[in-house]
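So the structure is just underneath, and the comments pick up after that.
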Amino acid sequence: MNRDRLIVALGITRTSLHRRGYRVFNHPAALKTTIASAMLRLSGWKPGMPVLDPMCGGGTIVIEAALASRGIEIPCFKLDELLSNPIIERLIPGALDRIVKLCTKPLQESDRIHIGIELNPRFLEGAIINARSAGVDDVTLFILGNSIKLIPKIKKLEKEFGQSIEIAVFNPPYGQRMKPRDLAKLYKDIITTLKDTGFKTAVFITSAISVAEKVLMELDPGKTYRRYVIHGTLPSYVYTIVFD
Ligand SMILES: C[S@@+](CC[C@H](N)C(=O)[O-])C[C@H]1O[C@@H](n2cnc3c(N)ncnc32)[C@H](O)[C@@H]1O
C-alpha cells in the first residue's frame, strides 16, 4: 500500500527474469542481467543507439543492449514458461498471442554498435561466447585492450559507425584484488577519458562507494545522480553522470 495506491504484482514466469539463459561463460564478477538492462534505461540509451561498455567482462551490458536493439524483449527468454501458465490468458485475454508475435518477429539488421572493451583475453573470449549464445554476435563488437588507451582511438573511428558513441554503461572492478589507490586511479582515468573524448552520459555501478565519491568530488565531471541498489549481497550505488 502506498498512500491511496495498492500495487499488486503477479509473477508470470516461474524462474526469475535475471536468469536469461544465454550466459554460458560466467565472469567471476558478472553483473545481474536485470541490473544491466535497468542501467541502460537509466542512461537514456534507446534500442538502435551505439553504446560502449569500457570494462565489459563477460559482456552482460553489451549483450542486453544488443538484444533490446534487435527487438528480442525479455519475456521471450521465458516463452515456454509463459505459454504454460494458464493464469495469463485468463487475466489478459489475447496477451499470449501478442507475446508470441513479439518474440517471433523477424530480427532487424543493425550494425556492430554495441561495443565492449576488456583487458583480460579470457574474459573477452567469454563475452564473445555469451554473445553467440544470445544470438547477437553479429551486432556486437568486443575489443581486447585497455579502454583508457582505446577509447580515444575508437572515437576517431566514429565516422565508420555512421553514428557517434555518446553513452557509456559499465561495471568497473570494485577493488577486491586492487589497492584503493589503484582503484581510485582507474575510476579517475575512465571518467576523465569519457568526458575528454566527448561522451555525454556515463552510468556505472560500484560497491566501492567511498572511492567513487572521492573521485567524483575531485573531478566534478557534471551533474551526478545516485541510486542505491543491492547487487547480490553488496550494497552499491548506480551513478549517472551527465557530463558538462
Ligand atoms: C566487474 S567486471 C565486469 C563484469 C561484467 N559487467 C559482466 O557482467 O561480466 C570489471 C572488468 O573490467 C576489466 N577492466 C579493468 N580495467 C580495465 C581497463 N582499463 N580496460 C578494460 N577493461 C578493464 C576487468 O578485467 C574486469 O573483467
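Out of the residues in segment 145-171 meeting the condition of being part of a helix (DSSP H, G or I) and without any contact (Cβ under 8 Å) to a residue 24 or more places away in the chain, tell me which one is farthest from the ligand (Cβ to nearest atom).
Filtering segment 145-171 down to residues part of a helix (DSSP H, G or I) leaves 147-156, 158-161.
Narrowing further to those that are without any contact (Cβ under 8 Å) to a residue 24 or more places away in the chain: 149, 153, 156, 158-160.
Values: 149: 8, 153: 13, 156: 18, 158: 19, 159: 24, 160: 21 Å.
If we take residues in segment 145-171 being part of a helix (DSSP H, G or I) and without any contact (Cβ under 8 Å) to a residue 24 or more places away in the chain, then 159 is farthest from the ligand (Cβ to nearest atom).
Just give me the residues in segment 133-144 being free of Cβ contacts under 8 Å to residues at least 40 places away in the same chain and within 17 Å of the chain's Cα centre (by Cα), in sequence order.
First pass over segment 133-144, keeping only residues free of Cβ contacts under 8 Å to residues at least 40 places away in the same chain: 137-138, 141, 143-144.
The answer is 137, 141, 143.
Please go through segment 230-244 and give me each residue that is farther than 14 Å from residue 210 by Cβ and in contact with a Phe, Trp or Tyr (Cβ under 7 Å, 6 or more places away or on another chain), ordered by number.
Correct list: 240, 243.
Among all residue pairs at least 6 apart or on different chains, which show Cβ distances below 8 Å where the first residue, located in segment 214-231, is within 14 Å of residue 186 (Cα to Cα) and the second is small (Gly, Ala, Ser)?
Taking only residues 6 or more apart or on different chains, the pairs are 214/184; 215/184.
In segment 189-205, what count of residues is obtained for those that are surrounded by fewer than 17 Cβ atoms within 10 Å (Cβ to Cβ) and within 12 Å of the ligand (Cβ to nearest atom)?
Summing the residues that are surrounded by fewer than 17 Cβ atoms within 10 Å (Cβ to Cβ) and within 12 Å of the ligand (Cβ to nearest atom) in segment 189-205 gives 1.
Among the residues of segment 214-244, write down those that are in a helix (DSSP H, G or I) and either within 16 Å of the chain's Cα centre (by Cα) or surrounded by 15 or more Cβ atoms within 10 Å (Cβ to Cβ) (or both).
Filtering segment 214-244 for residues in a helix (DSSP H, G or I) gives 214-219.
Residues satisfying the conditions are 214, 215, 216, 219.
Could you give every pair whose Cβ atoms fall below 6 Å, whose first residue belongs to segment 30-42 and is acidic (Asp, Glu), and whose second residue is within 8 Å of the ligand (Cβ to nearest atom) and not in a helix (DSSP H, G or I), counting only separations of at least 6 or pairs across chains?
Filtered contacts from segment 30-42: no entries.
Going by the conditions given, is residue 3 at positive phi and more than 12 Å from the ligand (Cβ to nearest atom)?
yes
Check 11, 44, 48, 57 and return the single one that is in a loop (DSSP other than H, G, I, E, B), closer than 22 Å to residue 227 by Cβ, small (Gly, Ala, Ser) and away from the ligand (no atom under 15 Å from the Cβ).
44
Does residue 112 qualify as being away from the ligand (no atom under 16 Å from the Cβ) and either farther than 17 Å from residue 171 by Cβ or in contact (Cβ under 8 Å) with a residue 24 or more places away in the chain (or both)?
yes
Mind counting the residues in segment 14-39 that are of a type in the set (A, V, I, L, M) and within 12 Å of the ligand (Cβ to nearest atom)?
So the answer is 6.
Looking only at segment 160-188, how many residues end up being loosely packed, with under 15 Cβ neighbours inside 10 Å and under 15 Å from residue 236 (Cα atoms)?
1
Of the conditions (1) away from the ligand (no atom under 12 Å from the Cβ); (2) part of a loop (DSSP other than H, G, I, E, B); (3) among the aromatic types (Phe, Trp, Tyr), residue 174 fails just one. Which one is it?
Looking at each condition in turn, residue 174 falls short on (1).
Since every read-out is calculated from the coordinates, none of them should be taken as a lab result. As the structure is a prediction and not an experimental result, all values here were calculated from the model. Neighbour counts run over all protein chains shown; Cβ positions are idealised from the backbone, glycine included.
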